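Working notes, structure below.
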Amino acid sequence: MSSGPVLYDVPGPDEKKRERLVSWIAGAVLVVAIVAVGWRLAANGVFDDRWRILLEAPTNFAGYQVGDIWSAVFRGLLNTLVAAVISLPLAMILAVLLVSLRAAPWAPVRWLASAVIEVFRALPVVLVMFFGILVLPGASPLMAVVFGLVVYNAAVFAEILRAGINALPAGQTEAAYSLGMRSGLIYRIIQLPQSVRMMLPSLIAQGVVLIKDSSLGYIVGYAELLRQISRVADALTDADYLLPLLAVGAAVFVTLNVLLSRLAVWVQRRGRLQRRGARVARTATLVED
C-alpha cells in the first residue's frame with residue numbers, strides 16, 4: 001500500500017465501463033460532427049476542381065506554372081523560418097536579462113525591469129513591429145518583424161521564467177545561503193537552470209506562438225508565407241483558388257509547430273534521462289566509497 005496521500009480513488013469495474021461508454025459516445029459524436037461539416041462543405045462546392053491548382057495549371061490563366069505556387073510557398077517558408085530563427089534565441093537572451101534584472105538586489109533596477117516587462121507584454125505584436133519601423137533607422141521589414149517578435153516574446157519568456165523561479169522550494173535557497181553562497185551565484189547555478197527545465201513546456205508553447213506571430217509580418221510588408229500565398233492568389237485573379245492556397249499555408253504552420261513541440265518533448269526526455277543517469281552514477285560512487 002502506498003504511504004503517500006491519496007488524491008483520487010482508483011476506478012472500479014463499473015466506473016471503467018462508464019468511462020469506456022462515455023469515450024465511445026464522445027468519439028461517435030465527434031465523427032458525426034466531422035462528417036456533417038464535410039458534407040456541408042461538399043454541398044457548398046468546396047471540394048470541387050479548385051484543388052487541382054496544386055497539381056496543374058488552370059486553363060484560364062495563360063503562362064501560369066504549377067511550380068510558381070510551390071516556389072512562392074518555399075520562399076515564404078524560408079522567410080518565416082529566418083524571422084523565427086533570428087527572433088527566438090534573441091528573445092530568450094533578452095528574457096534571461098530581464099528576469100535577472102527583476103531579481104536584482106537594487107529596488108530601482110527591479111522596478112525598471114518590471115515596468116519594461118509589463119509594458120511590452122501588454123502591447124500587440126503588430127504595434128511593436130510598427131514601432132520597429134519608426135524607431136530603427138533604415139529598418140527593413142525583416143528588422144521590424146524581428147524587433148516586434150523579440151521585444152514582445154522576451155517579456156512573455158521573462159514572466160514564464162519568473163514563475164518557474166518563484167515555484168522552486170524555498171529550502172533550496174536557504175540551504176545554499178547556509179553554505180555561504182551569494183545570491184547571484186544561487187540565482188545562476190540553482191534557480192535559473194531549474195526554472196528553465198521546469199517551465200520548458202511553457203517556453204516551447206510560447207515559441208510556437210512566436211512562429212505563428214511571424215505571419216503578422218504581412219502587415220509591415222515582410223514577404224513571409226502568408227504574404228507569398230496572397231501574391232499568388234492575387235496573380236490568379238480568382239477568389240476560388242484562395243482556399244487551397246490557404247490550406248497549404250495552414251498545413252505548413254501545423255507541420256512546423258508539431259515538429260517544434262516534438263523537439264521540445266525529446267529535449268525534455270533527454271534531459272530527464274541524463275539527470276537520472278547522473279543520480280545513479282553518484283549513488284554508485286557513494287556505495288563504492
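Since every read-out is calculated from the coordinates, none of them should be taken as a lab result. Quick caveat, the model's predicted, so the values are computed rather than measured.
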Q) If you stretched the chain out fully between Asp234 and Ala250, how much longer would it get, using 0.36 nm times the residue separation minus the C-alpha to C-alpha distance? A) 3.9 nm
Q: Evaluate the relative contact order of the chain (contact order divided by residue number), counting alpha-carbon pairs under 8 angstrom at least 6 apart; express in whole percent.
A: 21 percent
**Q.** Helical mean residue ellipticity (222 nm; -39500 (n - 2.57) per DSSP H run of 4+; nearest 500) of the chain
**A.** -25500 deg cm²/dmol
Q.
With only alpha-carbon pairs counted, each pair once and no self-pairs, how large is the Kirkwood hydrodynamic radius of the chain in angstroms?
A. 23.7 Å
Q) So how much slack lies between Leu55 and Ser183, counting 0.36 nm per residue of separation and subtracting their Cα-Cα distance, in nm? A) 39.9 nm
**Q.** Cα gyration tensor of the range 114-251 - equivalent ellipsoid semi-axes, whole Å, descending
**A.** 42, 18, 10
Q: Work out from phi, with θ = phi - 60° and the Karplus expression 6.51 cos²θ - 1.76 cosθ + 1.60, the ³J(HN,Hα) of each residue of the range 185-196, listed in order in whole Hz, and give x for Gly and Pro.
A: 5, 4, 5, 6, 10, 10, 6, 5, x, 5, 5, 5
**Q.** Whole-Hz ³J(HN,Hα) from phi, Karplus 6.51 cos²θ - 1.76 cosθ + 1.60, for the range 174-181, glycine and proline x
**A.** 5, 5, 5, 5, 5, 7, x, 7
